[in-house]
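Written out below as structure tokens is the structure these notes cover.
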Amino acid sequence: MSDNRKAIIAAVGIFVCYFYFGIIQEKITRGRYGDEPQEDGTRGEQFTFALALVGVQCICNWAFAKAILIARPQNQDTTPKVYYASSALTYLLAMISSNMALRWVAYPMQVVAKSAKPIPVMLLGVMFGRKSYTLQKYMFVLLIVIGVVLFMFKEGKTSSSPLEKEGMGQLLLAMSLIMDGLTGAVQERMRQHSSPSAQHMMLAMNGWSTLLLIPALFITGEAMEFIAFATKYPQMLGHLATLALAGALGQLFIFMMVSSFGALACSVVTTTRKFFTVLCSVLLFGNSLSSRQWMGAVLVFTGLFADMFFGKKGAAAGKSPPKSKEKSEINGLLK
């Protein structure tokens, strides 16, 4: 297969899989199942099982990473388990917070807010990961900060209830970003210690996340509630299976793109995909955006693209070897 054809296949695969992933995720978290009247006047029950949703994704990601390692065996991973356990905890909290936020905020806001991930990753990397960055890098991140503030800032409204609900969603997104930053700091320590491969890191983090989730599901009672909900609305299981399949196939195309063309090319594709995900969410789900929010979204993605194309020389001064750095970028893309 020629390089051009492989690049097109990988890029289209990433676009299609993660575009569909976003649609299904919003359908599950913001949709309604059944037609029974609810106390708030709406009809149909809402999916509220954030732990179960993250659990399904972690199990499928673990199985996918395991399959890759079986097909292509690698050297034994010597990373201390305490690093994996702590990073899995923060990784898990980031995913749960992000998914829970969709109950109160529209998917475009989640995508744009999560695009600000470099902010906490950089700050906490400086504080705990012993990294340093150039002024150019800080300027690109400042552009992202301004864009996120413009996108998420809300003018005063006559009714406080919708604003309070959206505030809860924004608080969860902020927590998710903080957890992303902590995850990045711990992963930086991992790379300094043993530089695990992307597949080993993906396998271990999703495995530890699953182990942490199982007792939480039973302690909170969500496991039985989720089973009862799935029994009552079996079509939801089809949505979950589609979500897991889209995520696994998307990761397959990401690995294809990275292995053949590098992490930069893959970053361009995935960042472009996020922008079009926002656009399609607006068109398909009626998540209208104001002109100020569109300006904020453009600034966010401009900052991301500028960092990808011009910020390579502004990478961390104490950066790891190129091979380790590429593994770092792969893991960032998979999250």
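The values are calculated or read from the model by the stated rules, or taken from the named source; none is laboratory data. Because the structure is predicted, anything quoted here is derived from the model rather than measured. Virtual Cβ from ideal backbone geometry, glycine too; neighbours counted across all protein chains shown. Protein only, heavy atoms only, side chains kept; ligands, DNA and RNA dropped before computing areas. Shrake-Rupley method; radii C 1.70, N 1.55, O 1.52, S 1.80 Å.
Got a sec? Which of SER209, SER195 is assigned to a loop (DSSP other than H, G, I, E, B) and either closer than 29 Å to PHE19 by Cβ or out of contact with any strand residue (DSSP E or B) (no Cβ under 7 Å at 6 or more places or on another chain) (or both)?
None of the other options fit; the residue is SER195.
Within segment 271-319, work out how many residues are modelled with pLDDT under 65, farther than 23 Å from CYS17 by Cα and surrounded by fewer than 18 Cβ atoms within 10 Å (Cβ to Cβ).
7
Considering (1) in a helix (DSSP H, G or I); (2) open to solvent by 90 Å² or more (accessible area, probe 1.4 Å), say which one ILE23 fails and leave the rest.
Condition (2) is where ILE23 drops out.
Take the residues in segment 247-268 that are at pLDDT below 70 and either aliphatic (A, V, I, L, M) or touching a Gly at 6+ places or on another chain (Cβ under 9 Å) (or both), then tell me which one is most open to solvent (accessible area, probe 1.4 Å).
Residue satisfying both the conditions and the ranking: LEU264.
Being in contact with a helix residue (DSSP H, G or I) (Cβ under 8 Å, 6 or more places away or on another chain), closer than 30 Å to VAL278 by Cα and surrounded by 20 or more Cβ atoms within 10 Å (Cβ to Cβ) is the requirement here; does GLY55 meet it?
Yes; evaluated as a whole, the condition is true for this residue.
Before we move on, is ILE14 in contact (Cβ under 8 Å) with a residue 60 or more places away in the chain, aliphatic (A, V, I, L, M), open to solvent by less than 70 Å² (accessible area, probe 1.4 Å) and touching a Lys or Arg at 6+ places or on another chain (Cβ under 9 Å)?
When the stated conditions are applied, ILE14 passes them.
Quick one: THR48 ticks every box in (1) at pLDDT 85 or above; (2) assigned to a helix (DSSP H, G or I); (3) not acidic (Asp, Glu) bar one, so which box is it?
So the condition that THR48 fails would be (2).
When the residues of segment 154-192 are filtered to those that are open to solvent by 70 Å² or more (accessible area, probe 1.4 Å) and either touching a helix residue (DSSP H, G or I) at 6+ places or on another chain (Cβ under 7 Å) or charged (D, E, K, R) (or both), which remaining residue is modelled with the lowest pLDDT?
Ranking the qualifying residues of segment 154-192, first place goes to LYS157.
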